[in-house]
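First comes the structure, then the notes that go with it.
Nothing in this text is a laboratory measurement; each read-out follows from the coordinates by a stated rule. Keep in mind the model is a prediction, meaning the values are calculated, not measured. Neighbour counts are summed over all protein chains in view; Cβ atoms, including those assigned to glycine, are modelled from backbone coordinates with ideal geometry.
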């Protein structure tokens with residue numbers, strides 16, 4: 001009887017694990033290396049805190065874990081905490097700031113990206129997850145100061161951390177409204193700026209010439225996209241996706257009132 005009971009428990013446990021795995025959803029995107037140049041000509045700041053590859057997205061994974069969704073944004077270099085973020089209430093990394101935009105097709109949507117990114121979406125986004133080194137208190141302050149119109153769509157993860165080359169965020173599924181392969185996704189990579197311009201949401205500006213803590217290759221106005229890397233094409237990591245990114249981000253204008261570049265979602269149906 002004891003042996004039979006033990007065998008039954010083992011069988012049931014195996015079925016639970018198998019079913020849980022079957023129900024888990026995992027969505028993966030890849031991005032080619034060495035395209036962390038925005039529209040193709042951006043240069044990194046000159047300070048040693050920034051190394052070429054720090055903002056170079058190579059892989060994005062979004063998967064369910066029980067009642068949560070885990071988001072991983074991988075970059076080319078091992079992630080460092082050069083500004084000792086724990087001393088200012090941060091999350092264990094310093095320079096990267098990734099924003100995961102999601103088109104669910106449900107509820108309120110916006111076409112403008114968050115302030116300081118200087119891009120618009122062809123389709124409106126419904127949710128954006130912040131993978132920021134800044135703590136929850138600072139993020140909430142910035143939202144209330146600069147992004148109140150987007151407040152209902154902004155998600156601050158319950159946990160944000162880094163491991164190796166990955167930025168990691170844990171978000172309740174309920175905050176996203178679930179997770180579906182029919183949704184569109186886009187990751188815009190920026191740099192965390194602790195002392196941003198009064199209109200920018202913790203983002204680092206791109207100027208005409210790079211400087212100690214400024215990217216170069218752009219424009220001193222706010223017409224150019226302040227996006228260092230993003231997903232493009234079919235997001236399978238092919239070389240052609242570099243050109244697709246450069247082409248999209250190059251389509252902006254600084255004449256008159258200016259015209260921001262239009263970006264698109266990628267899908268994994």
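Listing for the model above:
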{"read-out": "Positions within region 242-269 being loosely packed, with under 15 Cβ neighbours inside 10 Å, within 21 Å of the chain's Cα centre (by Cα) and not in a helix (DSSP H, G or I), in sequence order", "value": "269"}
{"read-out": "Lone unmet requirement of (1) farther than 25 Å from residue 106 by Cα; (2) part of a strand (DSSP E or B) for residue 208", "value": "(2)"}
{"read-out": "Qualifying residue in region 51-63 (condition: touching a residue at least 12 places away in the same chain (Cβ under 8 Å), over 20 Å from residue 35 (Cα atoms) and within 14 Å of the chain's Cα centre (by Cα))", "value": "yes"}
{"read-out": "Selection status of residue 68, in contact (Cβ under 8 Å) with a residue 60 or more places away in the chain and more than 22 Å from residue 193 (Cβ to Cβ)", "value": "yes"}
{"read-out": "Test: residue in region 218-241 that is part of a loop (DSSP other than H, G, I, E, B), surrounded by fewer than 19 Cβ atoms within 10 Å (Cβ to Cβ) and without any contact (Cβ under 8 Å) to a residue 12 or more places away in the chain", "value": "no"}
{"read-out": "Residue under evaluation residue 37, criteria (1) in contact (Cβ under 8 Å) with a residue 60 or more places away in the chain; (2) more than 26 Å from residue 250 (Cα to Cα); (3) surrounded by 15 or more Cβ atoms within 10 Å (Cβ to Cβ); (4) touching a helix residue (DSSP H, G or I) at 6+ places or on another chain (Cβ under 8 Å), criterion not met", "value": "(2)"}
{"read-out": "Close pairs (7 angstrom Cβ cut-off, 6 or more residues apart or separate chains): in contact (Cβ under 8 Å) with a residue 40 or more places away in the chain and at negative phi in region 156-172, part of a loop (DSSP other than H, G, I, E, B) and surrounded by fewer than 18 Cβ atoms within 10 Å (Cβ to Cβ) anywhere", "value": "161/92; 162/92; 165/77; 165/78; 170/158; 171/158; 172/67; 172/158"}
{"read-out": "Check on residue 139, touching a helix residue (DSSP H, G or I) at 6+ places or on another chain (Cβ under 7 Å) and under 23 Å from residue 179 (Cβ atoms)", "value": "no"}
{"read-out": "Failed criterion for residue 153 (all others in (1) closer than 22 Å to residue 90 by Cα; (2) in contact (Cβ under 8 Å) with a residue 12 or more places away in the chain; (3) in contact with a strand residue (DSSP E or B) (Cβ under 6 Å, 6 or more places away or on another chain) hold)", "value": "(1)"}
{"read-out": "Test: residue in region 173-186 that is in contact with a strand residue (DSSP E or B) (Cβ under 6 Å, 6 or more places away or on another chain), under 26 Å from residue 50 (Cα atoms), surrounded by 13 or more Cβ atoms within 10 Å (Cβ to Cβ) and in contact (Cβ under 8 Å) with a residue 60 or more places away in the chain", "value": "yes"}
